[in-house]
Amino acid sequence: MEHFFLFEPENFRIFLWAMAATAVIVFIALNFVEAGYGVAYTKKWGPTINNRLGWVLMEAPVFIVMCILWLCSSRRFETAPLVMFCIFQMHYFQRSFIFPLLIKTRGKMPLSVMLMGITFNTLNALMQGGWIFYVSSPERYPASWLGSWQFILGTVIFLWGMYTNIQSDSIIRNLRKPGDTRHYLPRGGMFRYVTSANYLGEFMEWVGFAVLTWSWAGAVFALWTFANLAPRARKINGRYEREFGPLSQKSIIPFIY
């Protein structure tokens, strides 16, 4: 694993550039094509799978691949890389094994969306795990890094984003009582400022991770997160405005977008 071709510095730079360019293409495409899961699901996306199972299968690969990258690295017990690994895995453990169990609806997830998610998540694990454990120089993250302003600020942003994401998901899950089929505008938490507070939380998690690692790998994933979620958030905002009238909230970034 230490000599895996993707983790050669030049190859890794090309990988990051390719991922950044793809993120821009995805952002543009999703402004015209709506990702077919959740409220945007339509039959045109093809065969489906149970929503809960789909979420597990889509999110778990990044957790597993990151574990493999960690186990195979000679740096696996170095303090700062180990803490970064735990922070990263904290998010994906929640998304892979806790969030799906909390889903109340019996919705479906298209297999095509699930497979695209698996591909993207695996590539993300290679970006973050590759950088932390293989590509960065051995001196890049000494134990003292945990006291740096980058790590402290980034961790605060990450934890605030994770809290916002989990809180917002809970608000959305509890909008309806059993048997109620009406639509409601989410209230409370960061929904005061944006209509997709759950997406804001997830985006801020990866902005925080980019800061705490102070890496291009982290920055590219934050870009990817925005590219994937921002167009969907804007369409959700538009759907709410058609149903509930003009809104004071933005879509995903308070006061800006």
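If I filter region 215-233 for residues that are farther than 24 Å from Gln128 by Cβ and among the basic types (Lys, Arg), do I get at least one hit?
No, every residue in region 215-233 fails to be farther than 24 Å from Gln128 by Cβ and among the basic types (Lys, Arg).
Check off (1) buried (at least 20 other Cβ atoms within 10 Å of the Cβ); (2) within 28 Å of Leu71 (Cβ to Cβ); (3) among the hydrophobic types (A, V, I, L, M, F, W, C) for Phe203 and give me the number that stays unchecked.
(2)
Quick test for you: out of Leu175, Leu185, pick the one residue that is touching a His at 6+ places or on another chain (Cβ under 9 Å) and either under 30 Å from Pro246 (Cβ atoms) or not β-branched (Val, Ile, Thr) (or both).
Unique residue meeting the criteria: Leu175.
Just checking, which of Arg95, Arg75 is closer than 15 Å to Trp145 by Cβ and either touching a residue at least 24 places away in the same chain (Cβ under 8 Å) or buried (at least 19 other Cβ atoms within 10 Å of the Cβ) (or both)?
None of the other options fit; the residue is Arg75.
Here is a list of conditions, (1) modelled with pLDDT of 95 or more; (2) within 16 Å of the chain's Cα centre (by Cα), and Pro100 meets all of them except one; can you say which number that is?
So the condition that Pro100 fails would be (1).
For region 170-180, give me each residue that is surrounded by 13 or more Cβ atoms within 10 Å (Cβ to Cβ) and over 22 Å from the mean Cα position of the chain (by Cα).
Within region 170-180, Leu175, Arg176 meet the criteria.
Please specify each residue of region 181-239 satisfying the condition of being without any contact (Cβ under 8 Å) to a residue 24 or more places away in the chain, over 10 Å from the mean Cα position of the chain (by Cα) and not in a loop (DSSP other than H, G, I, E, B).
Those that are without any contact (Cβ under 8 Å) to a residue 24 or more places away in the chain, over 10 Å from the mean Cα position of the chain (by Cα) and not in a loop (DSSP other than H, G, I, E, B): Ala219, Gly238.
Among the residues of region 174-193, is any of a type in the set (Gly, Ala, Ser) and touching a strand residue (DSSP E or B) at 6+ places or on another chain (Cβ under 9 Å)?
No: region 174-193 contains no residue that is of a type in the set (Gly, Ala, Ser) and touching a strand residue (DSSP E or B) at 6+ places or on another chain (Cβ under 9 Å).
In region 154-173, is there at least one residue being in contact with a Pro (Cβ under 9 Å, 6 or more places away or on another chain), under 18 Å from Thr225 (Cα atoms) and part of a loop (DSSP other than H, G, I, E, B)?
Within region 154-173 (the criterion being in contact with a Pro (Cβ under 9 Å, 6 or more places away or on another chain), under 18 Å from Thr225 (Cα atoms) and part of a loop (DSSP other than H, G, I, E, B)), the answer is no, since none of the residues qualifies.
Every residue in region 1-60 that is more than 30 Å from Thr105 (Cα to Cα) and at pLDDT below 90, please.
Within region 1-60, Met1, Glu2, His3, Phe4, Phe5 qualify.
Is it fair to say Val33 is within 20 Å of the chain's Cα centre (by Cα) and in contact (Cβ under 8 Å) with a residue 24 or more places away in the chain?
No, not satisfied.
The values are calculated or read from the model by the stated rules, or taken from the named source; none is laboratory data. Fair warning: this is a prediction, and the values are worked out from it, not measured in the lab. Note that each Cβ is placed from the backbone with ideal geometry, even for glycine, and that neighbours are counted across all protein chains shown.
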